[in-house]
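A short write-up of the structure that comes next.
Rule-based calculations on the coordinates, nothing more; no lab input. Nothing here was measured: the structure is a model prediction, and the numbers come from that model. Ideal geometry is used to build each Cβ from the backbone, glycine not excepted, and the neighbour counts take in all protein chains shown.
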Amino acid sequence: MKKATCFSDRHYEIGEINEKIFSSFTEHLGRSIYTGIYEPGHPDADEEGYRKDVMGLVKELQVPVIRYPGGNFVSCYDWHDGIGPREKRPRRMDYAWSSIETNEFGIDEFCRWAKKVGTEPMIAVNLGTGSIKDAGDLVEYCNHPGGTYWSDLRAANGSPEPYGVKYWCLGNEMEGSWQAGHLSAEDYTKKALEAAKIMKWVDPNIKLVACGSSYEMLPTYLEWDRTMLNELYETVDYLSTHNYTMNSGQGTTDFVAAYKQLDNHIKNSARVIDYVKAQRHFEKDLKICLDEWNVWNFQDIKLDSLDDLQGLTTFEMTSAGKWEVAPPILQEKYSLLDAIVVGGLGITLLNNADTVEIACLAQLINVIAPITTIKNGGIYKQAIYHPFHMLSRYGRGTAMKAAVDAPSYHCGFGELPIVEPAVVYEREADQVRIFVLNCDQEEEVDFHIELQGYGEKKVLRHLVLDGKDLEARNTYEMPDTVTMREAEVQNGESAVLPKLSWNVIILG
Ligand code: AHR
């Protein structure tokens with residue numbers, strides 16, 4: 001058995017973890033909204049058509065913020081289509097996903113649902129095909145108390161109280177040619193600045209998220225952010241970036257090491273922020289909003305690597321028949337290995353708590369998601385549900401610095417220790433919670449924990465995500481094939497980490 005020691009001293013903090021790093025995202029895409037969140041006539045739907053089984057799991061995940069309505073969808077979307085009497089709402093072609101959008105579900109339905117599940121909406125405005133005036137009008141519709149055209153219309157549509165939406169995204173992935181109305185960094189900067197101005201005139205209390213660059217294969221990667229932040233730094237509150245991890249046959253070792261790739265990606269965005277801040281002598285700090293992250297294996301189409309996405313339109317990114325309502329696309333079936341990788345990515349989020357303030361698992365229901373619903377049927381948890389749930393449940397508190405003394409392994413990201421931990425201190429419960437990935441595929445690791453300054457602490461619980469079959473997946477019929485299991489605790493300062501496993505160790 002290999003040995004590793006993890007050191008953490010109560011005096012060395014990374015920072016307070018913003019609970020918004022356990023947020024998520026739902027787009028008008030595939031079956032995310034229709035037959036996901038919303039399915040009137042379903043036996044478990046409430047009086048407004050929301051599925052109660054879905055609401056139950058979303059509540060269990062304790063998702064603080066949910067981003068809506070896209071994604072690529074938002075750049076083709078006119079929010080006016082989704083308000084008012086349903087029978088008058090237009091059916092439109094959604095160019096982003098070559099689907100039919102019935103508009104039965106819109107901003108009112110989303111904000112009411114968000115309230116029911118106890119989450120805050122984060123709304124993206126259309127800066128692709130949409131206008132800056134549309135963006136301002138939407139803020140007025142959502143947030144103005146009354147006495148104006150749009151706020152009175154909201155009241156007439158059944159919501160006299162403003163929704164008070166605080167977080168607003170200035171478009172989505174505007175760097176990419178796949179985006180309807182894609183702009184150069186310079187043109188995006190001008191449009192986003194003017195949209196931001198109007199949106200903040202309507203409601204000065206809102207927080208704005210600017211599109212940064214996400215795709216490392218694009219020639220504009222990071223240069224886009226520098227150009228844009230030069231003008232927008234003082235106006236916006238967050239820099240957005242997206243990061244998807246793909247198992248494209250690069251081998252289990254490199255796939256498991258994706259936590260390191262995400263770490264590099266986050267640090268790259270943070271470096272541009274620091275550069276612009278220093279170069280322009282700005283005072284305030286800008287935080288990162290990682291508003292899309294997940295494992296996404298593109299099971300709908302075969303890609304050898306994420307680089308192959310370049311040049312593809314979103315039409316080509318799915319095998320869906322064109323122009324259907326809520327086609328069953330991007331319905332990834334996650335494996336145990338994917339779940340372990342998602343757990344590793346969560347460790348990176350915790351270890352970057354000083355720069356990442358919002359992070360959205362993309363997505364939430366049916367589409368590259370932890371929750372799967374059967375149309376007119378039941379619901380089950382994908383394998384990735386479990387690490388995300390554990391992170392949200394036990395990952396709140398203070399992120400602590402951790403050092404490890406462990407044997408190393410070689411991967412595409414260099415020489416790394418075989419264990420990757422994140423240490424969280426939760427003051428109220430006076431507990432230390434350690435999330436740790438054992439990357440060794442052959443051997444268990446005797447994981448010793450040396451804590452300083454926390455008072456006497458013993459291992460109380462040890463939860464494990466592991467298994468013999470890395471390809472195991474949950475199904476509706478066998479929903480608990482992949483789940484967390486409780487390991488035996490030795491009630492000391494050590495735990496045995498099974499080979500290739502993701503672990504949550506609670507000390508108190
Ligand atoms: O989450 C699926 C898609 O991935 C989103 O629509 C887009 O923003 C990203 O490319």
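Data for the structure
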{"read-out": "R0 of 30 Å, Cβ-Cβ distance ARG427-LYS166: FRET efficiency to nearest 0.05", "value": "0.70"}
{"read-out": "Cα-centre dipole for the stretch 18-394 with unit charges at Cβ (Lys and Arg positive, Asp and Glu negative), debye to 20", "value": "480"}
{"read-out": "Among 111-117, 366-372, 413-419, 235-241, the order from most to least packed when residues are scored by Cβ within 10 Å on average", "value": "366-372, 235-241, 111-117, 413-419"}
{"read-out": "Fully extended contour minus Cα-Cα distance, from GLU486 to ASP187, at 0.36 nm per residue", "value": "102.3 nm"}
{"read-out": "Label point 7 Å beyond Cα of THR398 along Cβ direction - residues of the stretch 438-454 with amide nitrogen under 16 Å", "value": "451-454"}
{"read-out": "The chain, helix-only ellipticity at 222 nm - DSSP H runs n ≥ 4, -39,500 (n - 2.57), divided by all residues, nearest 500", "value": "-7500 deg cm²/dmol"}
{"read-out": "Segment LYS267-PHE413, extension gain: residue separation times 0.36 nm, minus the distance between their alpha carbons", "value": "51.1 nm"}
{"read-out": "Between the stretch 244-298 and the stretch 389-454, the alpha-carbon center distance in angstrom", "value": "19"}
{"read-out": "Net charge over other residues, Cβ less than 9 angstrom from the Cβ of VAL325 (K, R count +1; D, E count -1)", "value": "-1"}
{"read-out": "Part-to-part distance (alpha-carbon centres) for the stretch 98-129 and the stretch 32-86, which is given in Å", "value": "7"}
{"read-out": "Cα long-axis angle, helix 52-61 against the chain (0 to 90 degrees, to the nearest 10)", "value": "50"}
{"read-out": "For the stretch 66-176, radius of gyration divided by Kirkwood radius, i.e. Rg to Rh on alpha-carbons", "value": "0.94"}
{"read-out": "Distance between modelled label sites at LYS115 and LYS3, nm, 7 Å Cα→Cβ extension", "value": "6.0"}
{"read-out": "Estimated inter-spin distance, GLN62 and GLU443, nm [label 7 Å along Cα→Cβ]", "value": "3.7"}
{"read-out": "Net +/- balance of residues flanking GLU292 in space, Cβ distance below 9 Å, scoring K and R +1, D and E -1", "value": "-1"}
{"read-out": "The stretch 144-268: Lys pairs at Cα distance under 24 angstrom, eight or more positions apart or on different chains", "value": "11"}
{"read-out": "Options ASN351, VAL202, GLY56, ranked by Cα towards positive dipole end of the stretch 18-394, top entry (Cβ charges)", "value": "GLY56"}
{"read-out": "Spin-label proximity, THR220 to the stretch 56-93 - amide N less than 18 Å from point 7 Å beyond Cα toward beta carbon", "value": "71-76"}
{"read-out": "Point-charge dipole on Cβ atoms (K/R +1, D/E -1) for the stretch 258-416, about Cα centre, debye to 20", "value": "460"}
{"read-out": "Sorted peptide list for 254-260, 150-156, 434-440, criterion being average Cβ within 10 angstrom, highest first", "value": "434-440, 254-260, 150-156"}
{"read-out": "Per-q log10 I(q)/I(0), the chain, q = 0.06, 0.07 Å⁻¹ (Debye; single scatterer per alpha-carbon; no solvent)", "value": "-0.27, -0.37"}
{"read-out": "Partners for LYS468 among lysines (Cα-Cα distance below 22 Å; same-chain residues under 8 apart left out)", "value": "LYS2, LYS3, LYS333, LYS381, LYS499"}
{"read-out": "R0 of 30 Å, Cβ-Cβ distance LYS88-ILE374: FRET efficiency to nearest 0.05", "value": "0.45"}
{"read-out": "Separation of the ASN205 and ASP354 label points, Cα + 7 Å toward Cβ, nm", "value": "3.2"}
{"read-out": "Length gained when the stretch LYS322-ALA278 is fully extended (0.36 nm per residue, less Cα-Cα span)", "value": "11.0 nm"}
{"read-out": "Bridge type composition, the chain - antiparallel percent by DSSP, nearest 5", "value": "55"}
